[in-house]
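A short write-up of the structure that comes next.
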Amino acid sequence: MTFLKRNRAAALVLVAAAVFLALGVWRGETETVFRKAVNICMECIGLG
């Protein structure tokens with residue numbers, strides 16, 4: 001319990017990140033993010 005008292009801001013940010021991650025998965029954003037990541041990688045390598 002002392003860990004949470006000392007690091008309340010860090011725990012709050014961690015919970016907020018988990019909520020936003022779950023919200024993105026629920027909305028179906030994973031495919032969009034993956035597609036953009038693939039396109040960026042292909043441009044950096046020079047295949048696209």
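Only residues that are part of a helix (DSSP H, G or I) and at positive phi: list them for the chain, please. Full working, then the answer.
Looking only at the chain, we keep the residues that are part of a helix (DSSP H, G or I), and these are 2-6, 8-27, 29-45.
Scanning the chain gives no hits.
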Please list, ordered by first then second residue, the pairs with beta carbon atoms under 9 Å, 6 or more apart or interchain, first in the stretch 33-46 and within 28 Å of Leu23 (Cα to Cα), second assigned to a helix (DSSP H, G or I) and modelled with pLDDT of 85 or more.
Val33/Gly24
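The values are calculated or read from the model by the stated rules, or taken from the named source; none is laboratory data. Model, not experiment: these values are computed from the prediction. As a convention, Cβ positions derive from the backbone with ideal geometry for all residues, glycine included, and neighbour counts pool all protein chains shown.
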